[in-house]
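Below is one structure, written out as structure tokens; the observations come after it.
The values are calculated or read from the model by the stated rules, or taken from the named source; none is laboratory data. The model shown is predicted, which means the values in this text are computed figures rather than measured ones. Every residue, glycine as well, gets a Cβ built from its backbone with ideal geometry; the counts of neighbours run over all protein chains shown.
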Amino acid sequence: MQYEKRYIQSHCGLRGIAAALVVSYHLQFGANYLFHFESATPFFKRGYLWVDLFFILSGFIISFTTVTVDEKFTKNEIARFFRQRFARIYPLHLFCLLYLVSALGIIALLQNAIGSKVNDPHWTSDGAVSLLTEVILIHAWGFGHNVAWNIPSWSISAEVFAYLLFPALYAAGKHPWARAVMVAGSVLLFSWIAITSGDLDIISGAAPLRCLAGFIIGMEIYRARNVFGAMSDSVSSAVQIGAALAIFALLLVPANDVLLIIPFALLVGCTWHDKGAIAKILASRPLQWLGDLSYSIYLNHVCVIQILWFFWGRLTAKFNFPEPESRLAWIVIVYCTTLLISHFTYRYIEKPARRALSRRVISAEPKPH
């Protein structure tokens with residue numbers, strides 16, 4: 001079987017930008033002071049919407065890298081798909097959860113040792129149930145409690161739901177009527193959200209449906225990729241710039257969240273061939289590096305924030321650090337620590353796990369007779 005193997009630099013860069021902006025979103029939580037650029041518009045407060053870009057990217061990339069050129073998806077290929085998805089998401093997820101639980105446990109023990117009351121909901125029965133559901137990645141399906149450990153992992157849980165359905169979705173998508181039904185389902189879900197609340201910040205319960213709707217759009221963009229690929233460089237540039245401007249304009253005002261889905265989808269579609277002005281920027285070395293680390297950044301940053309804040313919050317209170325210097329220092333510390341840890345988790349957790357699973361997949365494939 002031959003597979004489309006070309007690496008899409010633009011999508012790597014998009015992942016890096018989205019991950020970095022999700023960090024800025026979580027840096028808003030519990031902040032007593034914000035810079036004017038952080039609070040003047042809803043841009044940073046609506047950082048949860050970058051996850052919807054991840055969902056669309058995921059639907060496209062998984063279709064692009066998994067499906068054979070002759071459009072067949074055999075049982076062996078389905079098994080390969082699930083092994084590869086497991087290797088891609090689970091080792092880092094488990095590692096982050098382990099070091100977060102360990103660090104919070106040590107902090108709780110230290111508090112007990114000095115006679116300070118531990119008032120942390122993680123160490124309750126609800127926290128234990130939530131931890132179990134996070135370990136097996138079903139906490140976004142409505143099975144978890146109100147205690148979150150590594151908050152961003154909800155979207156990984158939602159993506160697992162989409163992965164489980166992907167073989168069936170792809171097989172059904174070969175039929176025009178089934179494709180129409182799937183796309184209509186996504187449009188109906190987004191329309192219902194747009195009409196009822198306009199808020200896509202759904203991280204449990206219906207979260208898998210939020211993911212699935214974006215994922216299906218990504219799959220459909222993959223099927224229509226040749227339409228985008230046929231665009232000239234100038235047309236690609238115009239569409240890319242228009243989509244990027246629309247994204248930023250919609251984030252700068254309190255617009256309906258669902259409106260972002262359209263420019264997100266356009267940006268994914270018109271950059272996949274790595275042509276155009278925005279594509280060239282996304283292919284730059286710094287954004288490629290950021291994109292390589294994007295999954296590690298995404299899963300590490302809230303762990304970093306939770307652990308460091310225990311010490312930073314007490315330090316700033318004790319010495320009465322002034323603002324805005326304290327805020328600036330906190331932002332720099334979080335980003336630098338997250339990038340440093342992410343460099344090592346990408347190199348020593350993500351890449352080795354993928355290589356190990358790839359070797360296992362190859363050795364498990366049936367040999368020709």
| field | Residues of the stretch 226-250 satisfying the condition of being of a type outside the set (S, T, N, Q) and either surrounded by 19 or more Cβ atoms within 10 Å (Cβ to Cβ) or outside any helix (DSSP H, G or I) (or both) | value | F228, A230, M231, V239, A243, I247, L250
| message | Suppose we filter L189, L169, L137 for residues that are touching a helix residue (DSSP H, G or I) at 6+ places or on another chain (Cβ under 7 Å), at pLDDT below 95 and either in a loop (DSSP other than H, G, I, E, B) or farther than 21 Å from I305 by Cα (or both); which single one remains? | response | L169
| request: Any chance you could count how many residues in the stretch 179-207 are of a type in the set (S, T, Y), surrounded by 13 or more Cβ atoms within 10 Å (Cβ to Cβ) and touching a residue at least 60 places away in the same chain (Cβ under 8 Å)? | output: 1
| query | Taking interchain pairs and intrachain pairs at least six residues apart, which have beta carbon atoms under 7 angstrom, with the first residue in the stretch 279-293 and at positive phi and the second surrounded by fewer than 17 Cβ atoms within 10 Å (Cβ to Cβ) and not in a helix (DSSP H, G or I)? | reply | none
